[in-house]
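A.B. asks: To start, I am sharing the structure in question, which I have written as structure tokens.
The values are calculated or read from the model by the stated rules, or taken from the named source; none is laboratory data. What you see is a predicted model; the values in this text were computed from it and never measured. Every residue, glycine among them, receives a Cβ derived from its backbone with ideal geometry; neighbour counts consider all protein chains shown.
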Ligand SMILES: Cc1cc2nc3c(=O)[nH]c(=O)nc-3n(C[C@H](O)[C@H](O)[C@H](O)COP(=O)(O)OP(=O)(O)OC[C@H]3O[C@@H](n4cnc5c(N)ncnc54)[C@H](O)[C@@H]3O)c2cc1C
């Protein structure tokens, strides 16, 4: 239900619909590839008010709200921003989202809220993502973020995995007064927000500030602890934890299963991004060395990870950075916004191209990739047209570095070491659709570990929903 005043019915919708958008201001591409700083320049207060006033306030439920997995009340936020009530708008976002300052930076808005904005049919859509970022950054800047927690309930919850899903669940449970500890295999909290998504998309200070909020709420963090190996859920239960939320994501890179995949110079996407992007102080001990990438880099894959690898390689000084993908751009799963930025920064694309093997030079290091041209055949089980090899079309691409960004699976350890916890294909955890309840009483799960690789906003939303279910479970539990 939109919380906007009735007199909005009188707004000049036609006038608003004709108002051109403020173009998003980006740092110049030649300048931005020289560093890892954020690429989008923030709105000023005047620009935010102008842009928010373009919203025509569609009848409830507005398409932008329906397209937002968190169901943020975007029209009401636009109205508040238009009035200059930035703090009220930020609070409104925080009612439905545990990390609006993060989602506003990394959500594929072009496919969600902005993609559904009716203004997009004639003009540019309202820049709802940038406006969410503006008000939540403003709130942080003026120090007006309140941390309210309920009276302690005395109930203890273990959250396993400190990515967006675990953080959101922990935040909601701490607010409800529960005693929450997050366990993570990595030294620092953040999951892929820290150990995946590069700084030029999401400044790490933004993640640290949100994590600090959790600490201020009393949430505890235990790093370097791989649940299922260093400790099991049964052991945690014996230590007094009464409920669990598993949000361990998908951290196993899909292999290519071709010759030469293990040559020096061939990297897995996640390991490459961790080593290349994360400050050494936050890196696990076995990942402290930066990759040496040389001049020619080939990234294989078509998702967000591929875009991030391309843009990271350009920032590391590579001269030729090419994305190789076996279908066409239409079938690419990654966000188009990131591809546009990658192209502006100098990345090129070879579509309908399948690598066949990685070839070493005389020094044993990767020197070239043998590839084959493809053409699209009939749709496969995923509904996408299947790439078919073009006979006799083999060719070589010279490469100093190849990065495989092909897809991700969950690690099966937690499923295998937790009695009664059912998993299905590739080790994904089986849960009830809305609550995250697993097949073991008191154990809930969500985020990528349940859905497979998805988005920050969907993982966050799953964490919030599970927190509600865990809260009810704990309140009805006898001891
Ligand atoms: C390179 C890259 C770029 C991306 N870019 C975007 C983007 O721009 N926008 C977007 O919306 N989404 C993006 N995504 C997807 C998004 O990051 C994920 O969907 C989201 O982080 C999933 O959240 P999660 O909490 O489920 O898991 P994760 O963020 O993966 O966190 C899981 C945590 O669990 C920990 N863990 C795993 N196993 C164990 C264990 N057994 N014991 C203890 N801890 C464990 C891990 O160390 C990790 O910290 C990107 C993904 C990648 C890989």
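A.B. asks: So, in region 327-374, exactly how many residues are within 16 Å of the ligand (Cβ to nearest atom) and under 24 Å from residue 266 (Cβ atoms)?
C.D. replies: Residues that pass the stated criteria total 8.
A.B. asks: Give the number of residues within region 277-289 that are touching a residue at least 24 places away in the same chain (Cβ under 8 Å), more than 11 Å from the ligand (Cβ to nearest atom) and assigned to a helix (DSSP H, G or I).
C.D. replies: Final tally of qualifying residues: 1.
A.B. asks: Answer with yes or no whether residue 61 is closer than 21 Å to residue 460 by Cβ, away from the ligand (no atom under 16 Å from the Cβ) and either in a loop (DSSP other than H, G, I, E, B) or assigned by TED's automatic domain parsing to the domain that holds residue 303 (or both).
C.D. replies: Considered against the rule, which asks whether it is closer than 21 Å to residue 460 by Cβ, away from the ligand (no atom under 16 Å from the Cβ) and either in a loop (DSSP other than H, G, I, E, B) or assigned by TED's automatic domain parsing to the domain that holds residue 303 (or both), residue 61 comes out as yes.
A.B. asks: Here is a further query. Out of region 375-427, which residues are more than 13 Å from the ligand (Cβ to nearest atom), within 24 Å of residue 308 (Cβ to Cβ) and outside any loop (DSSP other than H, G, I, E, B)?
C.D. replies: Answer for region 375-427, where residues must be more than 13 Å from the ligand (Cβ to nearest atom), within 24 Å of residue 308 (Cβ to Cβ) and outside any loop (DSSP other than H, G, I, E, B): 387, 397, 398, 401, 402, 426.
A.B. asks: Which one is farthest from the ligand (Cβ to nearest atom) among residues in region 218-237 that are farther than 30 Å from residue 313 by Cβ and part of a loop (DSSP other than H, G, I, E, B)?
C.D. replies: Among those that are farther than 30 Å from residue 313 by Cβ and part of a loop (DSSP other than H, G, I, E, B), it is 218.
A.B. asks: Confirm whether residue 433 is farther than 22 Å from residue 256 by Cα and at pLDDT below 95.
C.D. replies: It is true that residue 433 is farther than 22 Å from residue 256 by Cα and at pLDDT below 95.
A.B. asks: Take residue 473 and tell me if it is over 30 Å from residue 265 (Cβ atoms), in a strand (DSSP E or B) and at pLDDT 95 or above.
C.D. replies: Spelling it out, it is not the case that residue 473 is over 30 Å from residue 265 (Cβ atoms), in a strand (DSSP E or B) and at pLDDT 95 or above.
A.B. asks: Go through (1) within 30 Å of residue 364 (Cβ to Cβ); (2) touching a strand residue (DSSP E or B) at 6+ places or on another chain (Cβ under 8 Å); (3) within 12 Å of the ligand (Cβ to nearest atom) and name the single condition residue 274 misses.
C.D. replies: (2)
A.B. asks: Can you find a residue in region 458-474 that is outside the structural domain of residue 325 (by TED's automatic domain parsing) and surrounded by fewer than 16 Cβ atoms within 10 Å (Cβ to Cβ)?
C.D. replies: Checked region 458-474: at least one residue is outside the structural domain of residue 325 (by TED's automatic domain parsing) and surrounded by fewer than 16 Cβ atoms within 10 Å (Cβ to Cβ).
A.B. asks: Hey, can you tell me all the residues within region 48-79 that are without any contact (Cβ under 8 Å) to a residue 40 or more places away in the chain and within 15 Å of residue 136 (Cα to Cα)?
C.D. replies: 49 - this is the single residue of region 48-79 that is without any contact (Cβ under 8 Å) to a residue 40 or more places away in the chain and within 15 Å of residue 136 (Cα to Cα).
A.B. asks: For the subset of region 330-374 comprising residues that are over 24 Å from the mean Cα position of the chain (by Cα) and outside any strand (DSSP E or B), which member is nearest to residue 291 (Cα to Cα)?
C.D. replies: Checking each candidate, the answer is 365.
A.B. asks: In region 164-216, how many residues are more than 14 Å from the ligand (Cβ to nearest atom), assigned to a loop (DSSP other than H, G, I, E, B) and surrounded by fewer than 23 Cβ atoms within 10 Å (Cβ to Cβ)?
C.D. replies: Number of matching residues: 2.
A.B. asks: Could you check region 238-259 and list, in sequence order, the residues that are within 27 Å of residue 407 (Cβ to Cβ) and assigned to a loop (DSSP other than H, G, I, E, B)?
C.D. replies: Scanning region 238-259 gives 247, 248, 249, 250, 251, 254, 255, 256, 257, 258.
A.B. asks: Name the single residue, out of those in region 249-268 being within 16 Å of the ligand (Cβ to nearest atom) and at pLDDT 95 or above, that is farthest from the chain's Cα centre (by Cα).
C.D. replies: Residue satisfying both the conditions and the ranking: 267.
A.B. asks: OK, next. Could you list all residues from region 428-451 that are more than 9 Å from the ligand (Cβ to nearest atom) and surrounded by fewer than 19 Cβ atoms within 10 Å (Cβ to Cβ)?
C.D. replies: Selection gives 430, 432, 433, 434, 435, 439, 440, 441, 442.
A.B. asks: Return the residues of region 229-241 that are surrounded by 20 or more Cβ atoms within 10 Å (Cβ to Cβ) and touching a helix residue (DSSP H, G or I) at 6+ places or on another chain (Cβ under 8 Å); say none if nothing qualifies.
C.D. replies: 233
A.B. asks: With the structure loaded, tell me whether residue 21 is closer than 25 Å to residue 101 by Cβ, surrounded by 12 or more Cβ atoms within 10 Å (Cβ to Cβ) and at pLDDT 90 or above or whether it fails that test.
C.D. replies: no
A.B. asks: Sort out which residues of region 97-111 are surrounded by 22 or more Cβ atoms within 10 Å (Cβ to Cβ), assigned to a loop (DSSP other than H, G, I, E, B) and near the ligand (Cβ under 10 Å from one of its atoms), and write them in order of number.
C.D. replies: 107
A.B. asks: Then there is this: Which condition does residue 115 not pass, out of (1) away from the ligand (no atom under 16 Å from the Cβ); (2) surrounded by fewer than 20 Cβ atoms within 10 Å (Cβ to Cβ), if it passes all the others?
C.D. replies: With respect to (1) away from the ligand (no atom under 16 Å from the Cβ); (2) surrounded by fewer than 20 Cβ atoms within 10 Å (Cβ to Cβ), residue 115 is out only on (1).
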